[in-house]
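Written out below as structure tokens is the structure these notes cover.
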Amino acid sequence: MQEDRKGGTNPPPRRRALLAGLGGAAALSAIGGARAQGAGQGTGQGAAQGYPNRAVTMIVPFAPGGSTDFVARLLAQHLSTVLNGNFVVENRAGGSGTVGHGAVARARPDGYTLGVSPTGTFALAPFLFEKLPYDSDNGFAPISLLAGNAMFVCVHSSSNIRTYADLIAAAKAQPGKLTYASAGAGTIAHLAPELMLDMSGTEMLHVAYRSGGLQVQAVLGRETTMGFIDTVTAIPHIQSGDLRALAVTSAARSPQIPNVPTLAECGLAGYRATNDFGFFAPAGTPPAIVAALSDASRRILAMPEVKARLDGASIDIYAGTAEAFPAYQAEEARRWGDLIRRRNIRME
């Protein structure tokens, strides 16, 4: 495996497992209880009194556009209504997501700075970077594993590669010559192809771009042979005929593009890779606020209009509880950490 990076550094990995755990739903009433008890408990339920009473910043650690930004903005819109506040998305790109994710960890733990980060940032970075600008194990209070989406294995529509079998045959005929674009080194768009290469016994050259938008433009412009492109970005280009999807990385086919097989169906038994979105507060945020945000998030993800928006982008809803998140993160660490060590993947 080689890396030829265009545009800068990127985030970290670990691995994840499909979980969810919808959990209880009394968090919003906890805030009401806090109000009734008065302001004498500054760090417990009392800290949630009147929350939110000013704007809440939700940091997305990538540029606008793409699936993380899409999910965060949809969530912020409805949190503003459900919690009767003003939730504003702020994009802080850089360091493969570690810049924005670190800003959440360093923020005052009062519930007014939150973050939505993808798998590559919250789960993979600890294995890719020797040193992070935050404590990935203890710097955050998980609120929810919100949702996740797969990637399509895409080539330009004019490519001679028409199937997954064609792609692997070409890679084996020209070891290390074919190229794949990612949305940044250390992102799931980097690690998911590495998992395919590892399982298929092939090699390709990695070309890292600064964002998912630049990644898809690289494939559309035939700068690279192919790319694993997230469903939000890929579906319009597949439907327009500009891109050809060879396979999808999820365990099941996409309802939006049902004629595209999974990589497992193509011969990689057990293959699964999805880009999951975690919702975080800084460590030390009052539990009543974390609980209220977790409950509100799950209520929002159950709304028919929200489900319709996410379904249209082929994003699966998890609506996980804060309590379920550590087990999920440990499983992600095991799976992706093993791959990173096997492939000797390093960040510069």
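Each value in this text was obtained by applying a stated rule to the coordinates, not by laboratory testing. The structure displayed is predicted, hence computed values, not measured ones. When we count neighbours, we look across all protein chains shown, and the Cβ atoms used for this are built from the backbone with ideal geometry, even at glycine.
Please list, ordered by chain and number, the residues whose modelled amide H lies under 5 Å from the amide H of Ala283; skip anything fewer than 5 residues away on the same chain.
Correct list: Phe140, Ala141.
How much of the pair distance distribution for segment 103-196 lies past 15 Å, counting alpha-carbon pairs only, in percent?
On the way: 3096 of 4371 pairs.
Percent of Cα pairs beyond 15 Å in segment 103-196: 71.
If you fit an axis through the alpha-carbon atoms of helix 66-82 and take the longest principal axis of the Cα set of the chain, what angle between them do you get, 0 to 90°, nearest 10?
So the helix axis and the longest Cα principal axis differ by about 20 degrees.
What is the angle, in °, between the Cα long axis of helix 231-240 and the longest principal axis of the Cα atoms in the chain? Nearest 10 is fine, range 0 to 90.
It is inclined by approximately 50 degrees.
log₁₀ I(q)/I(0) of the chain at q = 0.06, 0.09 Å⁻¹, via Debye over equal Cα point scatterers, no solvent, to two decimals?
Per q value, in the given order, log10 I(q)/I(0) is -0.21, -0.46.
So what are the three principal axis dimensions of segment 40-188 from its Cα atoms, in whole Å, longest to shortest?
71, 35, 20
Of all the Cα-Cα pairs you can form in segment 151-248, what percent are over 17 Å apart? Could you put the intermediate results ahead of the total?
Details: 1966 of 4753 pairs.
Considering segment 151-248, 41 percent of its Cα-Cα pairs are separated by more than 17 Å.
Rank Gly201, Gly184, Gly212 by mean-square fluctuation in a GNM of the chain with C-alpha springs under 10 angstrom and give only the top-ranked residue.
Sorting by GNM fluctuation, first place goes to Gly201.
Could you work out the Rg to Rh ratio of segment 190-316, with Rh taken as the Kirkwood radius (inverse of the mean 1/r over all Cα pairs)?
We get a ratio of 1.04 for segment 190-316.
Around Gly284, with a cut-off of 15 angstrom between Cβ atoms, what is the net charge of the other residues, counting Lys and Arg +1 and Asp and Glu -1?
Result for the local shell: -1.
Give me the net charge of Val56's neighbourhood, meaning all other residues with Cβ under 11 Å from the Cβ of Val56; Lys, Arg count +1, Asp, Glu -1.
Result for the neighbourhood of Val56: -1.
Once the piece of chain linking Asn160 and Ile257 is laid out straight, how much longer is it, given 0.36 nm per residue of separation minus the C-alpha distance between them?
Using 0.36 nm per residue and subtracting the Cα-Cα distance, I get 32.8 nm.
In the chain, with Lys and Arg counted as +1 and Asp and Glu as -1 at Cβ, which of these residues, Phe62, Leu83, Ile235, has the Cα nearest the positive end of the dipole, that is, farthest along it?
Looking along the dipole axis, the top candidate is Phe62.
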